[in-house]
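Student: Before I ask anything, let me first share the structure, which is written out below as structure tokens.
The values are calculated or read from the model by the stated rules, or taken from the named source; none is laboratory data. These figures come from a predicted structure and were not determined experimentally. A quick note on method: Cβ atoms are made from the backbone with ideal geometry, for glycine too, and the neighbour counts reach across all protein chains shown.
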Amino acid sequence: MEHKNYNAINKSVRKKDSMQLLLGKPVYTEDITPKDALIVKLLRSPHANAIVKDIDTSKAKLIPGVVDIYTWEDVPQLRFSNAGQTAPEPSPHDRLIIDRHVRFVGDPVAIVAAEDEASAVKALKLIKVTYDVLEPLLDFRTAKDNPILVHPEEDWKVPSDWGAFQHRNIIASEDNTHGDLEGVMADCDIVLERTYHTKQYNQTPMETFRTYTSYDRYGRLHVISSTQIVFHVRRILSTALGIPKNQIRVEKPRIGGAFGAKQTAVCEVYPAFVTFKTGRPAYICFSRGESQIAGSPRHEMEVKIRMGADNDGRIRALDFYTLSNTGAYGEHGPTTVGLSGHKSIPLYTGGLEAHRFAFDVVYTNTLAAGAYRGYGATQGVFALETIVNELAEMIGMDPTAIREKNMVKEGMLMPAYYDETANACALDKCMSRCKELFDWESKYPVRDMGNGKVRAAGVAMAMQGSCISNLDVGSATVRLNEDGTYNLVIGAADMGTGCDTILAQMVAECMDCTVDDVTVFGADTDASPYDSGSYASSTTYITGQAVVKACDKLKSQICEIAAGMMECAPDEVIFEKGQVRSISSGKVLSMVDVGIKSQLFNYVSPEATAMNTSPISPPPYMVGMVEIELDKITGKVEVLNYKAVVDCGIPINPALARIQTEGGLVQGIGHTLMENVTINSKGKLLENSLMQYRIPTRLDMGKLQVEFEHSYEPTGPFGAKSIGEIVINTPGPAITHAIYRATGVWHNELPITPEQIAMSINN
Amino acid sequence: MEIKLKLNGSNIVREIAPDLLLIDFLRDNKCFSVKRGCETSNCGLCTVLMDGTPILSCSLLAARADGHEIYTLEGLQEEASAFVGFLADQGTDQCGFCNPGFVMNTIALLRENPDPTDEEILQFLSGNLCRCSGYEGQLRGIRAFLDSREG
């Protein structure tokens with residue numbers, strides 16, 4: 001690990017937008033949408049699988065204020081995917097803006113554009129639709145080779161092949177074995193086989209999906225949207241509308257939370273189509289109900305694990321099969337599933353001799369899933385960490401000891417992680433520190449409180465990546481102004497995480513200036529250098545390194561300008577302490593001197609852009625421990641304490657890294673104990689409001705404590721890895737473990753509700 | 001119908017539709033800090049003060065504000081500025097979308113109970129949802145502000 005005294009990084013500076021946000025300034029999409037924008041509303045299908053036989057909009061169109069109504073007959077017959085992913089996209093092109101064949105309860109059948117909301121709502125009620133109702137395919141376990149075909153259309157296509165079989169309802173499949181799996185299994189003392197199930201959790205950002213579109217003063221489609229992926233949105237709209245990309249500009253203002261939900265163009269296409277047709281500004285805002293039933297939630301997965309181990313706790317073989325439910329459309333389906341194995345199995349690199357990872361991703365007539373923080377790893381880690389806890393309890397070994405025996409350690413080659421080497425890994429230190437912090441020795445034993453309540457503890461580890469290796473691209477432009485300040489322009493999207501700030505900290509570190517000297521702008525497809533977007537835990541690691549590279553380039557250009565001013569060769573000056581010094585004369589030029597000169601009879605640009613990518617995706621690691629109090633009569637679980645120790649390399653901004661961790665833990669606690677998703681026999685999702693889909697309040701999460709163990713990732717900016725996603729992965733298995741300790745029952749499905757706990761105790 | 005009220009210190013008279021919700025009335029009157037996060041009175045994002053009491057502006061007709069005094073965060077910038085820096089120091093503002101409602105309810109809390117315990121803070125603010133921060137940083141920020149006053 002490299003120790004250095006930093007000027008700006010590894011410091012808890014305030015977020016650049018903090019005061020604007022805390023004082024309620026108008027910085028979000030709806031706040032900057034002009035009043036003359038048409039209001040766009042969607043009529044949604046009440047059926048999970050149906051063909052629109054007839055749709056009559058004539059009465060609805062008579063309502064004063066209704067400008068137009070569009071149905072399947074009006075939209076371009078160009079199939080596209082809403083997934084925000086680098087082309088050629090892994091997700092199938094299986095959508096039309098409006099499809100005659102509706103595939104889940106909530107699939108749009110008509111777009112209403114009206115002068116005001118009341119007219120639009122009235123129009124929705126007057127549209128008459130006759131459906132040819134078909135039997136829906138609702139259970140993903142029966143989807144493969146089911147006679148009900150979710151996507152029978154002939155123009156369905158996959159831009160890149162991930163093992164799709166359209167006529168078997170499969171959009172991706174794989175089966176890979178490393179080592180002599182069956183041979184090792186046969187040699188193991190114990191073979192444990194379990195199946196785990198997790199549901200379509202909703203990201204529930206406080207700001208729902210919303211987009212404003214208009215034609216700008218250049219006659220182009222201008223899109224302002226709450227999105228993580230401005231460049232991908234531009235591509236998606238270009239494909240869906242059939243217009244060139246240079247005729248579209250996409251920008252994001254401040255975003256009211258995303259967590260992956262806005263890595264899919266959930267709502268952009270509808271107002272864009274209205275503006276395209278009417279030439280008028282248009283605005284759509286999904287209600288909370290719409291965001292719940294037609295958003296882009298986590299993929300429901302069933303993970304089957306067969307684990308081979310010896311009596312001494314050595315985990316030797318893992319056979320891992322994931323079935324993933326992508327819902328009615330394939331957004332992020334082929335890619336999320338991979339993480340369920342690739343970002344869980346390598347945790348046990350220590351003793352693992354053989355493993356298999358296979359998966360199928362299937363269509364059903366439920367809402368389409370998408371990207372959610374953790375992106376498949378959350379589902380895989382829940383399954384693997386739970387079976388490891390069960391093994392430990394079965395053989396009477398301390399669950400922290402079994403992990404210490406088998407975990408990946410720095411320098412190990414990880415065959416289950418694309419043969420990457422763990423360059424930077426402090427997982428062992430995370431475990432020992434977390435044990436200390438939590439007081440594992442005294443909290444692990446179950447304590448009967450004598451009032452029907454018991455206290456118990458659980459543990460889990462997790463990993464993630466720091467980008468999509470060999471794929472993600474990040475860029476940064478850094479410009480020196482004539483007063484010595486800097487502009488940083490990025491295509492990555494700060495969605496509240498603070499990436500604008502941490503990237504500015506990196507500029508300040510490189511250019512030896514203050515963080516306040518750096519202004520950040522992003523993201524805008526016209527102004528920003530290309531960036532795949534803020535997802536896959538990539539911004540700090542990928543875009544951060546682009547910032548470092550851009551600063552290196554800028555420094556040499558600054559030296560060139562300064563050398564000209566001092567009439568010497570560029571290699572006779574050096575950039576130091578935010579100034580340029582002549583080695584021979586000792587003369588010094590400030591950034592104000594260079595900045596002013598850069599605008600006067602000058603050939604050398606005071607602006608540099610750099611692009612970055614990575615052939616590897618260094619994993620962050622963490623350990624989480626939970627103490628619960630469980631009421632044996634009611635089944636209620638109260639989280640008392642959650643301690644987490646994270647290795648994200650060198651944290652660029654420790655305060656923001658801590659908040660990321662705390663926020664992720666609480667989302668994970670919600671997934672485990674309260675956030676349920678129920679699809680009824682007609683395909684209707686029942687938890688369609690915050691009343692039914694209960695996310696944690698501040699009374700539901702107990703006391704959180706987070707610490708960091710540092711490793712130094714040599715390929716990351718200043719040794720950094722990622723933090724955004726990994727933090728959601730430990731609560732599921734850790735709380736499940738604690739519930740077992742308290743009740744003697746293993747729950748293999750999340751969430752675990754009080755009813756289920758109470759029933760399991762009575763049984 | 002016509003309503004008269006005091007909004008952020010100014011007397012205003014407006015013609016409104018009888019079914020207009022207070023939240024929409026306030027946003028129409030440029031109080032953009034007032035946010036909508038749900039349709040079921042669950043999130044607390046739209047919290048404003050009516051005659052000094054925190055209310056959910058999504059669950060009140062604008063007509064009911066007739067004759068009353070409403071404050072949104074736009075009108076309480078100074079009072080908020082006294083403590084929000086402590087939240088910023090924690091990085092707990094995050095996406096910011098829940099911040100105005102949370103800050104308004106914190107103002108109400110501190111007016112009613114200038115020296116709350118942690119438990120009282122959590123109870124009072126439990127109706128203000130936040131999906132980003134995990135809440136712990138918000139508590140640390142408020143606690144740091146209270147401790148700074150004592151010092």
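Student: Looking at (1) within 12 Å of chain B (Cβ to nearest Cβ); (2) surrounded by 24 or more Cβ atoms within 10 Å (Cβ to Cβ); (3) among the polar types (S, T, N, Q), which is the only condition residue A:672 fails?
Tutor: (1)
Student: A further question follows. Considering only residues of the range A:641-658 that are farther than 15 Å from residue B:135 by Cβ, part of a strand (DSSP E or B) and not small (Gly, Ala, Ser), which is farthest from the other protein chains (Cβ to nearest Cβ)?
Tutor: A:647
Student: Return the only residue of A:400, A:336 being buried (at least 23 other Cβ atoms within 10 Å of the Cβ) and in a helix (DSSP H, G or I).
Tutor: Numbers: A:400 fails: buried (at least 23 other Cβ atoms within 10 Å of the Cβ).
Exactly one of A:400, A:336 is buried (at least 23 other Cβ atoms within 10 Å of the Cβ) and in a helix (DSSP H, G or I), namely A:336.
Student: Which condition number in (1) assigned to a strand (DSSP E or B); (2) within 11 Å of chain A (Cβ to nearest Cβ) is the one that residue B:34 fails?
Tutor: Going through the list (1) assigned to a strand (DSSP E or B); (2) within 11 Å of chain A (Cβ to nearest Cβ), residue B:34 breaks only (1).
Each row is one residue, and each column tells you yes or no for (1) crowded, with 22+ Cβ neighbours inside 10 Å; (2) within 14 Å of another protein chain (Cβ to nearest Cβ); (3) more than 26 Å from residue A:300 (Cα to Cα); (4) within 21 Å of the chain's Cα centre (by Cα).
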| position | (1), (2), (3), (4) |
| --- | --- |
| A:662 | yes, yes, no, yes |
| A:667 | yes, yes, no, yes |
| A:685 | yes, no, no, no |
| A:695 | yes, yes, no, yes |
| A:727 | yes, yes, no, yes |
| A:736 | yes, no, no, no |
| A:742 | yes, no, yes, no |
| A:745 | no, no, no, no |
| A:748 | no, no, no, no |
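Student: Go through (1) in contact with a strand residue (DSSP E or B) (Cβ under 9 Å, 6 or more places away or on another chain); (2) closer than 21 Å to residue B:25 by Cβ for residue B:128 and report which single condition fails.
Tutor: (2)
Student: Looking at the range A:711-763, which of the residues that are in a loop (DSSP other than H, G, I, E, B) and among the aliphatic types (A, V, I, L, M) is nearest to residue A:431 (Cα to Cα)? Before you say what the answer is, go through the steps one by one.
Tutor: Narrowing the range A:711-763 to residues in a loop (DSSP other than H, G, I, E, B): A:711-716, A:721-725, A:729-730, A:744-748, A:750-753, A:763.
Checking the rest, the ones that are also among the aliphatic types (A, V, I, L, M) come to A:723, A:745, A:750, A:752.
Working: A:723: 17, A:745: 25, A:750: 25, A:752: 26 Å.
Among those residues, the one meeting the criterion is A:723.
Student: Return yes or no: is residue A:218 in a strand (DSSP E or B) and on the phi < 0 side of the Ramachandran plot? First the steps, then the outcome.
Tutor: On the way: in a strand (DSSP E or B): no; on the phi < 0 side of the Ramachandran plot: yes.
Taking the combined requirement at face value, the residue does not satisfy it.
Student: Are any residues in the range A:13-45 polar (S, T, N, Q) and at the interface with chain B (Cβ under 7 Å from one of its Cβ atoms), and if so, which ones? Full working, then the answer.
Tutor: From the range A:13-45, those polar (S, T, N, Q) are A:18, A:20, A:29, A:33, A:45; that's our starting set.
Result: A:18, single match.
Student: Which residue, of A:367, A:384, is buried (at least 24 other Cβ atoms within 10 Å of the Cβ), touching a residue at least 60 places away in the same chain (Cβ under 8 Å), of a type outside the set (Val, Ile, Thr) and not in a loop (DSSP other than H, G, I, E, B)? Step through it out loud before you land on a result.
Tutor: Values: A:367 fails: not in a loop (DSSP other than H, G, I, E, B).
That would be A:384, the only listed residue that is buried (at least 24 other Cβ atoms within 10 Å of the Cβ), touching a residue at least 60 places away in the same chain (Cβ under 8 Å), of a type outside the set (Val, Ile, Thr) and not in a loop (DSSP other than H, G, I, E, B).
Student: Name, by its number, the condition in (1) in a loop (DSSP other than H, G, I, E, B); (2) over 23 Å from the mean Cα position of the chain (by Cα); (3) not β-branched (Val, Ile, Thr) that does not hold for residue A:701.
Tutor: Here residue A:701 clears every test but (2).
Student: Within the range B:70-78, can one find any residue that is farther than 29 Å from residue A:203 by Cα and away from chain A (no Cβ under 11 Å)?
Tutor: yes
Student: Turning to a different aspect of this structure: Of B:129, B:56, B:60, which residue is within 12 Å of chain A (Cβ to nearest Cβ), closer than 29 Å to residue A:209 by Cα and either crowded, with 24+ Cβ neighbours inside 10 Å or out of contact with any Lys or Arg (no Cβ under 8 Å at 6 or more places or on another chain) (or both)?
Tutor: On the way: B:56 fails: within 12 Å of chain A (Cβ to nearest Cβ); B:60 fails: within 12 Å of chain A (Cβ to nearest Cβ).
Answer to the selection: B:129.
For every residue, the table says whether it meets (1) closer than 30 Å to residue A:679 by Cα; (2) within 31 Å of the chain's Cα centre (by Cα); (3) modelled with pLDDT under 95; (4) not acidic (Asp, Glu).
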position: A:14; (1), (2), (3), (4): no, yes, no, yes
position: A:17; (1), (2), (3), (4): no, yes, no, no
position: A:42; (1), (2), (3), (4): yes, yes, no, yes
position: A:48; (1), (2), (3), (4): yes, yes, no, yes
position: A:70; (1), (2), (3), (4): yes, no, no, yes
position: A:81; (1), (2), (3), (4): yes, yes, no, yes
position: A:89; (1), (2), (3), (4): yes, yes, yes, no
position: A:98; (1), (2), (3), (4): yes, yes, no, yes
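Student: Among the strands (runs of 3 or more DSSP E) lying completely within the range A:110-211, list those that include at least 2 residues that are in contact (Cβ under 8 Å) with a residue 40 or more places away in the chain, more than 14 Å from chain B (Cβ to nearest Cβ) and in contact with a Pro (Cβ under 7 Å, 6 or more places away or on another chain). Quick ask: steps written out before the conclusion?
Tutor: Working: elements: A:128-133, A:170-178, A:190-198.
Where strands (runs of 3 or more DSSP E) fall fully within the range A:110-211 and carry at least 2 residues being in contact (Cβ under 8 Å) with a residue 40 or more places away in the chain, more than 14 Å from chain B (Cβ to nearest Cβ) and in contact with a Pro (Cβ under 7 Å, 6 or more places away or on another chain), they are A:170-178.
Student: Being touching a residue at least 12 places away in the same chain (Cβ under 8 Å) and within 7 Å of another protein chain (Cβ to nearest Cβ) is the requirement here; does residue B:84 meet it? Let's see the steps before the verdict.
Tutor: Working: touching a residue at least 12 places away in the same chain (Cβ under 8 Å): yes; within 7 Å of another protein chain (Cβ to nearest Cβ): yes.
Taking the combined requirement at face value, the residue satisfies it.
Student: Which residues, taken from the range B:44-60, are over 16 Å from residue B:74 (Cβ atoms) and among the hydroxyl-bearing types (Ser, Thr, Tyr)?
Tutor: B:53, B:59
Student: On the given criteria, is residue A:55 closer than 19 Å to residue A:104 by Cα and not polar (S, T, N, Q)? Walk me through it before giving the result.
Tutor: Numbers: closer than 19 Å to residue A:104 by Cα: yes; not polar (S, T, N, Q): yes.
Taking the combined requirement at face value, the residue satisfies it.
Student: Need pairs with beta-carbon distance below 9 Å; first residue within 21 Å of residue A:33 (Cα to Cα) and within the range B:32-54, second basic (Lys, Arg) and surrounded by fewer than 21 Cβ atoms within 10 Å (Cβ to Cβ); sequence gap 6+ or separate chains.
Tutor: B:32/A:25; B:33/A:25
Yes or no, residue by residue, for (1) under 16 Å from the mean Cα position of the chain (by Cα); (2) facing chain A (nearest Cβ under 7 Å); (3) not aromatic (Phe, Trp, Tyr):
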residue: B:97; (1), (2), (3): yes, yes, no
residue: B:100; (1), (2), (3): yes, yes, yes
residue: B:103; (1), (2), (3): yes, yes, yes
residue: B:115; (1), (2), (3): no, no, yes
residue: B:118; (1), (2), (3): no, no, yes
residue: B:125; (1), (2), (3): yes, yes, yes
residue: B:134; (1), (2), (3): no, yes, yes
residue: B:150; (1), (2), (3): no, no, yes
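Student: Still on this structure, please answer the following. Considering only the range A:259-333, give the strands (runs of 3 or more DSSP E) lying wholly within it that have at least 2 residues that are within 23 Å of residue A:750 (Cβ to Cβ) and touching a residue at least 12 places away in the same chain (Cβ under 8 Å).
Tutor: On the way: elements: A:282-285, A:300-309, A:315-327.
Of the strands (runs of 3 or more DSSP E) lying wholly inside the range A:259-333, those with at least 2 residues that are within 23 Å of residue A:750 (Cβ to Cβ) and touching a residue at least 12 places away in the same chain (Cβ under 8 Å) span A:300-309, A:315-327.
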